[in-house]
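One structure is given here, and the rest of the page talks about it.
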Amino acid sequence: MKRSKRIDSDSGYDVLMYIIATFALIITLYPFLYIIAVSFSGSQAVYRGEVFLWPVNPTLAGYRQVLSQKGIWTAYQNTLFYTIVGTAFNIVATTIAAFPLSRKSFSGRRYCNFFIAFTMYFSGGLIPTYLLITNLGFYNSRWVMIIPSLLSTFNVMVCRSAFSAIPDEVFESAQMDGASDWKTFSRIAIHLITPTLAVLVLYYAVSRWNNFMTPLLYISKSELMPMQVLLRRVLIQSSSELLDAGSAGSDDRAAVSVQIRYVTIVVATLPILVSYPLLQRYFVKGVMLGAVKG
């Protein structure tokens, strides 16, 4: 009797969890579906608010309008450069910083860990940071998007925990075989934390791709602007820089302006969304392997 009641209770709990999960999925997924539907719908249907979930009067006019602009391809190239090169620098710097902090033989690791963690709670502030970066000559330079954000202290902690999870016997065996610290790091330790590195690549790449505050402060040249700054301009300035100021009337321009905003959002976010499934199989394992342990 008690067992049957427990089974009924578990079944009711499972049903409740499925309902909550489904509701959360709908709330989370609907904005993405709506943006995609609007981007493929006719501009007048969008302007009249007829689009709900599926495209109305499907057309690719908005994508042709956006992709025909030279500025968006320049911004795309800049964003790809900042993301790929910046993420590569991030991973190299993070692993080099995290590996010695994970070794018990490193006598100063407690002090280094303290100072690294200290920066997670306190910073120099915007004005000192701005003065430092400009005095270093990074203003209006591609390197301003890479060097100042070379390390994430949280990701260093995650990577350090992943290195710490490797059994000491592995390193002792490598030392007995004559491997140096650098060979142990580059040929053994790195390969053993591949799932964690995949997660860190995703974290860094998303952060690089979505970064708009840094170029907003330190880049004034249009040829160096990334995609997110262009997206911000489109959303704030009513898409005026992507509209042909020719024959369209005010109502048509307003309708096209609304549609172009959504098209630009899709164009700006699609690459990073597509890249996630490629790393998904590493995600859960990497997060668990690199979880910060007490």
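The values are calculated or read from the model by the stated rules, or taken from the named source; none is laboratory data. Values in this document were obtained by computation on a predicted structure and should not be read as measured data. Quick reminder, even Gly has a Cβ in these numbers, built from the backbone with ideal geometry, and neighbours come from all protein chains shown.
Has the range 218-231 got at least one residue that is at pLDDT below 85, in contact with a Ser or Thr (Cβ under 6 Å, 6 or more places away or on another chain), in a helix (DSSP H, G or I) and aliphatic (A, V, I, L, M)?
Among the residues of the range 218-231, at least one is at pLDDT below 85, in contact with a Ser or Thr (Cβ under 6 Å, 6 or more places away or on another chain), in a helix (DSSP H, G or I) and aliphatic (A, V, I, L, M), which makes the answer yes.
Any residue in the range 73-96 that is touching a residue at least 60 places away in the same chain (Cβ under 8 Å) and in contact with a Cys (Cβ under 8 Å, 6 or more places away or on another chain)?
Within the range 73-96 (the criterion being touching a residue at least 60 places away in the same chain (Cβ under 8 Å) and in contact with a Cys (Cβ under 8 Å, 6 or more places away or on another chain)), the answer is yes, since at least one residue qualifies.
Only residues that are in contact with a Lys or Arg (Cβ under 7 Å, 6 or more places away or on another chain) and of a type in the set (Phe, Trp, Tyr): list them for the range 205-239, please.
Of all residues in the range 205-239, those in contact with a Lys or Arg (Cβ under 7 Å, 6 or more places away or on another chain) come to 212, 224, 234-235, 239.
Across the range 205-239, the qualifying residue is only Phe212.
Per-residue answers, yes or no, for (1) at pLDDT below 90; (2) surrounded by 12 or more Cβ atoms within 10 Å (Cβ to Cβ):
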{"site": "Thr79", "(1), (2)": "no, yes"}
{"site": "Asn90", "(1), (2)": "no, yes"}
{"site": "Phe106", "(1), (2)": "yes, yes"}
{"site": "Arg110", "(1), (2)": "yes, no"}
{"site": "Asn113", "(1), (2)": "yes, yes"}
{"site": "Thr153", "(1), (2)": "yes, yes"}
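Scan the range 213-231 for residues that are crowded, with 16+ Cβ neighbours inside 10 Å and free of Cβ contacts under 8 Å to residues at least 60 places away in the same chain and jot them down.
Within the range 213-231, the first condition is being crowded, with 16+ Cβ neighbours inside 10 Å, and the residues that meet it are 214-215, 218-219, 224-231.
Leu231, the sole residue that qualifies.
Pick out the one residue from Leu101, Leu151 that is touching a helix residue (DSSP H, G or I) at 6+ places or on another chain (Cβ under 8 Å) and within 20 Å of Met213 (Cα to Cα). Step through it out loud before you land on a result.
On the way: Leu101 fails: within 20 Å of Met213 (Cα to Cα).
Of the residues listed, the single one that is touching a helix residue (DSSP H, G or I) at 6+ places or on another chain (Cβ under 8 Å) and within 20 Å of Met213 (Cα to Cα) is Leu151.
In this structure, is Ser149 among the hydroxyl-bearing types (Ser, Thr, Tyr), in a loop (DSSP other than H, G, I, E, B) and crowded, with 16+ Cβ neighbours inside 10 Å?
Details: among the hydroxyl-bearing types (Ser, Thr, Tyr): yes; in a loop (DSSP other than H, G, I, E, B): yes; crowded, with 16+ Cβ neighbours inside 10 Å: yes.
Here the answer is yes, as Ser149 does meet what is asked.
All but one of (1) modelled with pLDDT under 85; (2) part of a helix (DSSP H, G or I); (3) closer than 30 Å to Leu217 by Cα hold for Gly124, so report the exception by its number.
Just one mismatch for Gly124, condition (2).
Out of Val256, Val267, Val234, Val284, I need the residue that is surrounded by fewer than 12 Cβ atoms within 10 Å (Cβ to Cβ), at pLDDT below 85 and part of a helix (DSSP H, G or I). Which one? Let's see the steps before the verdict.
On the way: Val256 fails: surrounded by fewer than 12 Cβ atoms within 10 Å (Cβ to Cβ); Val267 fails: surrounded by fewer than 12 Cβ atoms within 10 Å (Cβ to Cβ); Val234 fails: surrounded by fewer than 12 Cβ atoms within 10 Å (Cβ to Cβ).
Within the list Val256, Val267, Val234, Val284, the selection yields Val284.
Any residue at all in the range 122-135 that is of a type in the set (A, V, I, L, M) and surrounded by 14 or more Cβ atoms within 10 Å (Cβ to Cβ)? Working first, answer last.
Just the residues of the range 122-135 that are of a type in the set (A, V, I, L, M), to begin with: 126-127, 131-133.
Applying the additional criterion that residues be surrounded by 14 or more Cβ atoms within 10 Å (Cβ to Cβ) yields 133.
There is at least one residue in the range 122-135 that is of a type in the set (A, V, I, L, M) and surrounded by 14 or more Cβ atoms within 10 Å (Cβ to Cβ).
State which residue pairs qualify: first residue over 10 Å from Val258 (Cβ atoms) and inside the range 31-46, second residue of a type in the set (Val, Ile, Thr) and buried (at least 23 other Cβ atoms within 10 Å of the Cβ) in any location, beta carbons under 8 Å apart, and separation of 6 or more residues or different chains.
Ser39/Val263
What are the residue pairs meeting all of these: first residue in the range 116-138, first residue without any contact (Cβ under 8 Å) to a residue 40 or more places away in the chain and of a type outside the set (Val, Ile, Thr), second residue surrounded by fewer than 13 Cβ atoms within 10 Å (Cβ to Cβ) and assigned to a loop (DSSP other than H, G, I, E, B), Cβ atoms under 9 Å, and 6 or more apart or on different chains?
Going by the 9 Å Cβ cut-off, the qualifying pairs are Leu132/Gly124.
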